[in-house]
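J.: Quick one: the structure is below, questions incoming.
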Amino acid sequence: MTGEALTIDRSALEQLAALLLERAGLKVTPDGYMGLRLALQARMPALGLDDAGEYVRRLKQLAGEHELRALLPLVTVGKTEFFRDARQFAAFENEVFPELLKHARRESRPVRLWSAGCATGEEPYSIAMVGLDRGALTQEVDCWATDLNPVAVENAARGRFAIRRLLGVSEPRLARYFTLTDGQYEVNPQLREMVRFEGHNLAAPLWPQVRPQSMDLIFCRNVIIYFDQPTILAVMERFYDSLRPGGWLFLGYSESLFRVPTRFEMVEVGGVFIYRRPVRRSAMAMPLPPLPGPTPAQQAPKPAERPTPKALPLVVGLQLPKSTVTPYVPRPSPVPGTGTPVQRLAEIVGLIERGDFPRALRHAHALCEAEPDDLAARITLGNVHALMGNIEEAREAYQAALQREPLSVEARLYLGIAAMQADEPEAARQEFTRALFLEPTLALGHYLLAQVHERRGDAEAARRSYRNAVNQRRGPPHTLLGHFPDLPTSNEAIAQAAQYRLAALSERP
Ligand SMILES: C[S@@+](CC[C@H](N)C(=O)[O-])C[C@H]1O[C@@H](n2cnc3c(N)ncnc32)[C@H](O)[C@@H]1O
């Protein structure tokens, strides 16, 4: 079934946008309908459907949850625009590209650039425009543009854009590089010559198309945000190998490699941070310096410096009667530190409930050592650390869980909670959003995301997420792996708390 054989009318797109808003808090404006259309073109054939109205009806049914999860990544990751992130493009245009061109000319070769995760082509065509503006000849720039989504690649190669998608392109560039044909702007042959489009999966273990040390610069922006930690590490290693010494890696605005041990160095160019393969190979792989974050005074104090918190103060409005909590309470082992993993976990839960965190920690460590693949044990270890205020150790435990199970909703959720404890609302927002991609009906995820929005002062987004939490009242129940006291999982309890917050928000002047 080809894209042309599908019926995708505007009313179906509107219904889909409304459904995404209701179920996952995703706001898709009419500007984003092209992205919805592309996602539908990818998903409808997989279900043997040719009518988008029928597809939306399926999504609305309870059984549509599974499909919604398949659709969500497609509709959230396709967003792109020309000259996205003006500051990065200014650094590229004014500082990085001229140097690369000079260098390549000395070696009588083209500048080799790669737009990895190019979506519908706006990024690589922007790169090519910069190249021509800076005096390069078409044959002096070789821009390889790749994406996992074949429909996006096909559209990118077609090089035709609706007028509204060219808002980021200045008038002189529009006149120089585009031709208006049948109500759409088409890229000129010059730009086409500079960009080669191809399907490519960054998460594949080998990239036979890429020669080692062949690239001068890689743009991979707003792509890795949806990858788990092991994939990010693997992709970064391969990027490193693909780049020449001194080659550049541009990541998206919110995608720092903070805490990702890579061999890249971070360089400030024109006020933005860019990663670079060092010119000389360093003897050891060094972690990157952290991006500017909270000052030491803002950081979570060490456990010795503060009393052990029993419950998370951040969960505003969720101090609920115990009866609303669905705790995980298997029978403990009769002899401490022995028995089946389930019994040992129950013992740790008992210690947590009694507030004996140091012993809970020892037992959780021992259980993780004995059962390295036990996800519940890893997550509970993280939770004990979080309860003791050891935020970094908690995060390590959750990351270890993610290495074993990259799609662990719990690990994402608790990473978000840890980020809130560390006063890092942006990181928390990302983690809760990821948890919700994996499990869009997770009421607690919507609730916590709403709290992050509140903390960031975004009342409208907070209301939307609280409404999403309320909407899950009759959604499927979820039992979370790993024990965290006083964290409710009952949809009804969370819906009530969300309603209180909604009322409080509407009362604010
Ligand atoms: C948000 S768009 C980013 C487009 C462009 N880089 C930008 O910043 O405007 C992310 C793109 O990454 C692509 N993508 C996601 N996973 C990928 C993978 N494993 N390999 C290659 N591309 C991938 C998606 O298909 C999507 O087109």
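Each value in this text was obtained by applying a stated rule to the coordinates, not by laboratory testing. Note that this is a predicted model, so its numbers are computed, not measured. Here Cβ is always computed from backbone atoms with ideal geometry, including for glycine, and neighbour counts include all displayed protein chains.
J.: Using a Förster radius of 51 Å, what is the FRET efficiency between Leu206 and Glu353 based on their Cβ-Cβ separation? Nearest 0.05, please. Can you show the working numbers first?
T.: Values: r = 49 Å, r/R0 = 0.95.
The formula returns an efficiency of 0.55 here.
J.: How much length would be gained if the chain were fully extended between Thr181 and Leu167, taking 0.36 nm per residue of separation minus their Cα-Cα distance, in nm to one decimal?
T.: Values: separation 14, 0.36 × 14 = 5.04 nm, distance 1.72 nm.
Between Thr181 and Leu167, full extension yields an extra 3.3 nm.
J.: Okay, moving on. In µm²/s, what is D for the range 86-276 at 10 °C and 1.306 mPa s, where D = kT/(6 pi eta Rh) by Stokes-Einstein and Rh is the Kirkwood radius from Cα pairs? List each step's numbers first, then the result.
T.: On the way: Rh = 17.0 Å.
D, rounded to a whole number, is 93 µm²/s.
J.: Under a point spin-label approximation (7 Å from Cα along Cα-to-Cβ), what is the Asp50-Asp373 distance to one decimal in nm?
T.: The two pseudo-label positions are separated by 4.5 nm.
J.: With r defined as the distance between the Cβ atoms of Ala366 and Glu95 and R0 fixed at 51 Å, what FRET efficiency is calculated, to the nearest 0.05? Mind dumping the intermediate values first?
T.: Details: r = 53 Å, r/R0 = 1.04.
With a Förster radius of 51 Å, E is 0.45.
J.: Between His66 and Arg106, what is the FRET efficiency for a Förster distance of 56 Å, r being their Cβ-Cβ separation, to the nearest 0.05?
T.: 0.50
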